[in-house]
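**Q** Right, I'll just put the structure down here and ask away after.
None of the figures in this text is laboratory data; all of them are computed from the coordinates on show. None of these values were measured; they are calculated from a predicted model. Backbone-built Cβ (ideal geometry, glycine too); neighbour counts: all protein chains shown.
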Amino acid sequence: MTIAVAALAVTLLQAQEIKVPLRFDYYYSCEKMAEAMKALNRAYPELTTLDEVGRSEEGRIIWALTINNKKTGEPLSKPGVYVDGNIHGNEIQAGEVCLYLANRLLTNYGKIPEITEVVDRNIFYIIPVVNVDGRAHFFDDPNTPSTNRTIRIPVDDDRDGLLDEDGPEDIDGDGSITNMRIRDTLGRLRSDPADPRLMISVKPGEKGEWTRLGQEGIDNDGDGQVNEDAEGYVDGNRNWGFNWQPPYVQRGAGNYPFEGTGIKAIAGWMLARPNIILVFAFHNNGGMYLRGPSFKAAGELPQGDIAVYDYIGKNMEKIVPGYQYLITWKDLYSTYGDFTDFTNNLVGSYSLVGELYQPETETYDGTLKRKEEERSQSGAASEGERQRLLFDDNVNQGELFKEWKAFRHPLYGDVEIGGWTKMSSRLPHPFMLQDLVHRNASSVIFAARQTPKIKMDVFEVKKLGGDLWSVRVRLVNGGAIPSVTYETIQNKLYPIDKLSVAGRNAKVVSGGVLTDAWMNMVSYKEFRPEVQMCQVPGFGKVEYQFLVSGKGDIEIKYESRKAGTISKTVALK
Amino acid sequence: MKISTFTAIRGLVLLFAATFTAPLTAAAAEIFKDTDPTASLVSSPPIEKYSDPATVSHRIEQLRQANSSLVRVQKMAVTPGGRELLMIEIGSKGTSVPAVLVGANMSGLNPLATEAALELASRIVRDAELNAGLTWYIVPMGNPDAYARYFTKPLWSDPGNARPFNDDTDDQTDEDGYNDLDGNGIITQMRAKAHDGIWIPVDGEPRLMRKADASKGEKGIYKLYTEGIDDDGDGQYNEDVPGGTNVNVNFPHLFKNFGRRSGLYPGSEPESAALLKFAFAHPEIAMVLSFGQTNYLLSPPQGGRKGSVDTENIRVPREIGTAMGIDVSRSYTMAEIIEIVQPMMPPGMQADESMIASFLGLGAVVNPLPEDMTFYNEISSDYKEYLKKKGATAERFDPAQPDDGAFEMWAYYHLGLPVFTMDFWGLPKPKEEKKEGSGITSESLGKMTSEEFVALGEEKIAAFLKESNSPAQFTAQSLIKMVQGGQMKPAQMAEMMKKMPPKKSDEKKGDPKETAQLAFSDTWLNGSGFTPWKSYSHPTLGEVEIGGFTPFRDNTPPESMVDSLLDLQLPYVSELVKRLPKLAIADVKTTEKGGGVYQVEAWVTNEGFLSFPIAMGKRNKAPAPAIMTLEGDGIDILSGKKRTPVGEIGGMKSVRYVWLVRSPKKSALTLRLESKQAGNDSEKINIGG
């Protein structure tokens, strides 16, 4: 085990000097992540800005790297693509995906046409680490693969009036919090004959060998319970202000929406960037792309939005083989106060969660995907569990599993401590990281290429007699993503796109949607015909007809919160 | 016999009327008399004397300066309109004693509530009984931006703060507000004759309007608008008035997404955000009072919302039920599920209602819990009794129930605290012509025994059913049978009656509340509460008439009434805080078991009326727990914990806690009871030796 720790230390040591292009064969600590972002910002000052979005509960800075080519337009004039990760402190590879995305876009700008185009046409807002405290503590402290998930707001889990007074600890001092077991002939577990590192349930009549004692730790507060009030628990991804529910309904919700200082800062930062039309939030694990809604009672999304998600989702399933495109509440479970429900409903953006890493890729049967993935409920070790150990033994040289070892526990006496270490189970070994970050960044780039791409075509300026003119305008969207989400229209979240006609010597007499150009069918708007509120569907068009009385130049202007502004001047002649 | 009006105005209501025992100002005394609306008019009292936001701030500062040892003032937030949200803190013991949080005028539409909060603050300062053992956090003006409109000309009302909001989601914000077209300084209504008009004047009272009933051969004449022009030329009138978020619907319980005055998310406003943060940072808050639009003392909080879980009848989801190994085709009580789950819990962990509700995904509580309704109803009866003793017995309109997302809703459902609300005044019910009728009201029905009900006889009961718009399947005969057979009690029937929709035929007379408001204006405001319809040439609507009610006159009494209203009702706040739970160690006993082992036994009693916590607090686990600690030199606790969370203790009830302790030597044990909300206590006892 000491060798394994040393090996990790070496990978971290090598990472000390950060150079662009960045490397993705190791995990960046919280500080290194900030350094890497600064390095990218220094290397590409024309294309990037680095902002402090806000501070965490412990005062760490939450950094955002914005990628925008100023030569192709002001920030708010382009579709915004927001990408973040690591809102759960332990889900660290999400940060690497974001960082890789930035690195990929910047280092290939001007070299790969598709990348140049996607950078020129969009603005990328990238926050690799949302839960900066969680990531810092995950790296610096002993942990299990799942601890330090939440933000640092203390909660009295056991309701004894004390806060966070009895969490797990690394009692054997090996840098990891693993599991404890005690020999117990009356226990309900015995060693797996196929691999004694695993335990299986005893069958009726069989003699037991072990009792599980849970995570490494002691009874700090002497209340007869071990590890019952750990750090936290306010889950950053249950604290957002859309369909938020209190903690007795949604565990980890926090006392009220946006109780987390960092969470609140990010919300404010996003709301100040109303051009955000596409959102990705990366988590681990399971190999999934999830769309909302996050809870059943929200009902289904509008059909128009489902079509957009399906188009992107089904392509992403091919970009990252094995990942499944799913609906959060239906295929997983209902949650309240989720980040993507907030962005979907209140930012008005298409929002996807990427659940990174497929544990079943850790195989030892000559394939790339394990057949049996889950431990069966009866407690028998599965083939998958055994394979996973063999994978670690032979592919990682045993780096990530800590062998059971005797330890004298102050309360339980002689116990054994061992199991999977924090860098296992939910994180790929760094040698598999490169593939993960590239494919997932490619999913984001694929979706970003689908942001609204609006063109205006004034396809008819016809004199009807006297000084009355018919002016026909077509707005065409070359992207799969509409200029306004259907949900936004349904909820009346904000004023949708505006198409207006104005001329110094001209008056718009009437105007409306041209529903059928051949039959001259127009749905006229009775008041203020010079202003039409519109949406341009994905891979689609809308056509308007204006009857204009007058002469000279008229300006036809399309203004969209998400899809930029287009203006054309035509002469009535 | 007489026909009562209860079908239109349901439930028991009281107006503080008739004769007062307390001295009143002449004008107020006059107003409380049961008065014939046709009697000669009294002169209209001045009514524009409520304190504007600047004056409120000034009065708060004066109170602080005059009592600097007791009063502190906190600036909690700055509103979107740049006004300060102020909190008066009263008390000398800070967070070491239980506290009462008072929020007033959260919608900005209740000038009287702000006056009440200021008056309460000055009474607390003078009353050692109130300020010695409690800390008070009082926000007299919860929505200063909206409240400020009360003091501007023209007068109009809107609960939105000054955050810009695009009501009609067009390309302009706040571009089409009201316009005082007739220049009378009041925004009223416009009525215009239109082909698609749906309104007609009320029979016998042409100032009021009602909807035409096409099924009765009536054709609508008028369209109604609020006073103003179509500023932005979009064909709509006053559809985007200045005004953003109503603070009083911006709290997280039942928050309405995308509502017109809701705000973007719960706590999106500086005003509400400051209160959310404050309340959770102050676990000593043990009771919440809300002064504003509702009155739980007269109309306790109502249930009936869909979606609340019936804890006596829970369906366990298939996946979970299967994993638990139970029959999912039947339903279970909460107690049964706790019994099933307890053996599955890790050692030392106790399954409780809150855990089960969360585990089964039962969702949020949306109706007041039945155990809590017990205290609400008891305190409501006591309050009505109190008013009766003070001589305030005439009828007023039922106070409103809170809006979804309101301050008082959040305080009960999320803080898990007892919440009481007061509105201090409501329109008096006009006197109805006394006609023949059953003489039965749902109120009187509720108090009848089964025998008394049957004794009424078929004829009276039939008349009552007709008056109360009962469905046809309920006949007098069938009801008598059910009551005789014990299937239904008169009280249950009364509850059902209260939920019946109002009788259709009353609509012909116009809205009863408008009728009352008009009567009040005519009688007490010299008619100033209603602008008579007067023709006006409107730029786009053509010939219209402008007229109608003055904003605020339905909830804001003349200022001359304020003192007497507050004198009558504010003293009851003292009665409310006397109901707070108070925990104490009633008795400690030790029994020697031999071998240096002692059983220590303590009775913890709740000397207060309210349980600690209330049922909602037990469900949501928001109130800070009360903890019993046992300490002693050189002792071993063999059974029981050093720190024992005290669970629920009902009002006037006691709970026994037992420890087994080994003490080889003589030792002094200290038992300490600590509760932020319900007080501290400690006992010493010697063992051993």
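**Q** Rounded to whole Hz and in sequence order, give me ³J(HN,Hα) for segment A:272-286 from the Karplus expression 6.51 cos²θ - 1.76 cosθ + 1.60, θ = phi - 60°, writing x for Gly and Pro.
**A** 7, 10, x, 7, 5, 10, 9, 10, 10, 10, 9, 9, 10, 9, x
**Q** Another question, then. Under the rule of -39500 (n - 2.57) per DSSP H run of 4 or more residues, summed and divided by the residues of chain A, what mean residue ellipticity at 222 nm is obtained, to the nearest 500 deg cm²/dmol?
**A** Roughly -7000 deg cm²/dmol at 222 nm, from the helical runs in chain A.
**Q** Related question: Can you tell me what percent of all Cα-Cα pairs in chain A are more than 30 Å apart?
**A** Beyond 30 Å sits 58 percent of the P(r) for chain A.
**Q** So what are the three principal axis dimensions of segment B:460-618 from its Cα atoms, in whole Å, longest to shortest?
**A** 101, 51, 34
**Q** Further question on the same structure: Using the count of nearby Cβ atoms within 10 Å as a rough guide to exposure, how do A:Val461, B:Val56 rank from fewest to most?
**A** Fewest to most other Cβ atoms nearby, the residues stand as A:Val461, B:Val56.
**Q** Turning to a different aspect of this structure: For segment B:583-687, evaluate the Debye formula with one uniform point scatterer on each Cα (no solvent term) and list log10 I(q)/I(0) at q = 0.10, 0.16, 0.22 Å⁻¹, rounded to two decimals.
**A** For segment B:583-687, the Cα-only Debye profile gives -0.29, -0.67, -1.09.
**Q** Given segment A:454-572 reduced to its alpha-carbon atoms as identical point scatterers, what log10 I(q)/I(0) does the Debye formula return at q = 0.11 Å⁻¹?
**A** -0.34
**Q** Now a separate question. Tell me the GluC sites (Glu not before Pro) within segment A:248-356 that lie in a loop according to DSSP and have at most 13 other beta-carbon atoms within 10 Å.
**A** For GluC sites (Glu not before Pro) across segment A:248-356 that sit outside H, G, I, E and B with at most 13 neighbouring Cβ atoms in 10 Å, the list reads A:Glu300.
**Q** When averaged across all projection directions, what area in nm² does the alpha-carbon convex hull of segment B:314-359 cover?
**A** It is 3.0 nm².
**Q** Pop out the ³J(HN,Hα) list for segment A:25-30 in order, Karplus 6.51 cos²θ - 1.76 cosθ + 1.60 with θ = phi - 60°, rounded to Hz; leave Gly and Pro as x.
**A** Per-residue couplings from phi come out as 10, 7, 9, 7, 5, 4 Hz.
**Q** Calculate, in whole percent, how much of the Cα-Cα pair population of the protein assembly as shown lies beyond 62 Å.
**A** For the protein assembly as shown, the fraction of Cα-Cα distances above 62 Å is 21 percent.
**Q** Identify all lysines with a Cα-Cα distance to B:Lys153 below 22 Å; exclude those on the same chain that are fewer than 8 residues away in sequence.
**A** Answer for B:Lys153, where 22 Å is the Cα cut-off: B:Lys49, B:Lys534, listed by chain and number.
**Q** Are there any GluC sites (Glu not before Pro) in segment A:116-170 that are in a DSSP loop and have at most 14 other Cβ atoms within 10 Å? List them by number.
**A** When the GluC sites (Glu not before Pro) of segment A:116-170 are filtered for loop state and at most 14 Cβ neighbours within 10 Å, nothing remains.
**Q** Once amide H atoms are placed 1.01 Å from N in the peptide plane, what residues at a sequence separation of 5 or more from B:Trp533, or on another chain, have their amide H within under 5 Å of its amide H?
**A** Hits under the 5 Å cutoff: B:Gly548.
**Q** Let me ask another. Taking amide H positions as placed 1.01 Å from N in the peptide plane, with prolines and chain starts having none, which residues 5 or more places from B:Ala104, or on another chain, fall under 5 Å of its amide H?
**A** For B:Ala104, whose amide H was placed from the backbone, the distant partners under 5 Å are B:Val139, B:Met141, B:Gly142, B:Phe291.
**Q** Using Cα-Cα distances under 8 Å and only pairs 6 or more residues apart, what relative contact order does chain A have, in percent?
**A** Once divided by the residue count of chain A, the mean separation gives 14 percent.
**Q** What distance in nm separates the simple spin-label points at A:Val513 and A:Thr72, each placed 7 Å from Cα in the Cβ direction?
**A** Calculated label separation equals 3.1 nm.
**Q** Can you list the trypsin sites (Lys or Arg not before Pro) in segment B:329-405 that are in a DSSP coil and have 15 or fewer other beta carbons within 10 angstrom?
**A** In loop regions of segment B:329-405 (DSSP not H, G, I, E or B), the sparsely surrounded trypsin sites (Lys or Arg not before Pro) are B:Arg330.
**Q** Amide H neighbours of B:His538 under 5 Å, at least 5 residues apart or on other chains, H built in the peptide plane: list them.
**A** Amide H to amide H, under 5 Å and 5 or more residues apart or across chains, B:His538 pairs with B:Glu543, B:Val544.
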